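Below: one structure, written as structure tokens.
Read the figures in this text as sums done on the coordinates, not as results from a lab. On a predicted model such as this, the values are computed, not experimentally measured, just so you know. Counting neighbours? That spans all protein chains shown, and the Cβs are built from the backbone with ideal geometry, glycine included.
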């Protein structure tokens, strides 16, 4: 049986890799075409757009894994069905459940690769892509470290420890230098908000440094004349689906503790938790499609059915996500119910043909 498992697993993995090799370059071409509309803005050139697309690919690969696995399983196992190898396996006493188990073993390996890509590679690559594009378009140099977000604004250096959605900053330090690179003013603010085209600092402690000494001034609030573009903050405040699970979990806890609605972050966290099992669910769905169509259906038709099922799952999944965000449906239910419904449909088909 180990030989059979390896043989079926090789077909599933080979078909998935082939599907990814077709879908990713095609998707990259469309992303590059969209980026071309921004090429020429300030210092954003074609090489920057190409690098942005390349760094964005891990995230799209992670998102494509379930549909690629479904299509790949249909291609790999469909080739075996077309050559009557699956029929021979059934005639030799191999049950459908045994074939599903063998495919699941290959799917488990694919799920591990997907998690490693989505949780390890994609967030860092996406962050770097957004940073490079924002720096090229705005001309401002930025850096994200364990000590917060750093940006340069003329002769000023800005350190922001916490960036919230809605262009709200917390724990901000601003260091201003003269032309001789001597520190002349150090400002710390508890919070900053961008309102009506300007920054407003609150809870300010300002230290002016001169040859006579240090003059400390405390203010409740004041305007901050800075060229720091709020759009640049999206380099740090990225979309929820880009963040790794542990970051989403911390953000959900923070928002809940501060009385805010976690909303999209909670839905994204549960979607990521379900994602590895979704890959296995897609492999399971390929089995009833294969045995339901028998040998008379070509690979092209199977791939078409796989694409239709994948699009259908995407639409159902997005619908449940919107129900969670707009009508208070539980985030875990919005993530678990779509694959569960499709698995139940697959079981029904298998029961009909079994």
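Values for this structure:
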item: Relative intensity, log₁₀ I(q)/I(0), of segment 1-90 from a Debye sum that treats every alpha carbon as a point, q = 0.10, 0.22, 0.23 Å⁻¹; result: -0.40, -0.99, -1.04
item: Calculated [θ] (222 nm, deg cm²/dmol) that DSSP helices of n ≥ 4 give over the chain, each run adding -39,500 (n - 2.57); result: -21000 deg cm²/dmol
item: For the chain, built as a Gaussian network whose Cα springs stay under 10 Å, the top-fluctuating residue of 262, 338, 244; result: 262
item: Mean separation of Cα contacts under 8 Å, 6 or more apart, over the residue count of the chain: relative contact order %; result: 17
item: The chain: most fluctuating residue of 43, 310, 154 per GNM, C-alpha cutoff 10 Å; result: 154
item: Peptides ranked, highest mean first, by Cβ atoms within 10 Å: ranges 174-181, 108-115; result: 108-115, 174-181
item: Highest-MSF residue in the chain out of 209, 172, 287 [GNM, Cα springs under 10 Å]; result: 209
item: Protection proxy ranking, peptides 56-67, 24-35, average beta carbon neighbours within 10 Å, highest first; result: 56-67, 24-35
item: Estimated FRET transfer efficiency (residue 50, residue 348; beta-carbon r; R0 56 Å; 0.05); result: 0.75
item: Nitroxide proxy distance, nm - points 7 Å out along Cα→Cβ at residue 205 and residue 179; result: 3.3
item: Rough spin-label spacing in nm, given labels placed 7 Å along Cα→Cβ, for residue 2 and residue 329; result: 4.5
item: Stretch gain in nm, segment residue 301-residue 216, where the contour uses 0.36 nm per residue and the Cα spacing is subtracted; result: 23.1 nm
item: Pairwise FRET efficiency - residue 23 versus residue 261, Cβ, R0 = 30 Å, nearest 0.05; result: 0.30
item: Column: log10 I(q)/I(0), Debye, Cα scatterers of the chain, q = 0.08 Å⁻¹; result: -0.53
item: Residue order, fewest to most beta carbons within 10 Å, for 301, 89, 255; result: 301, 255, 89
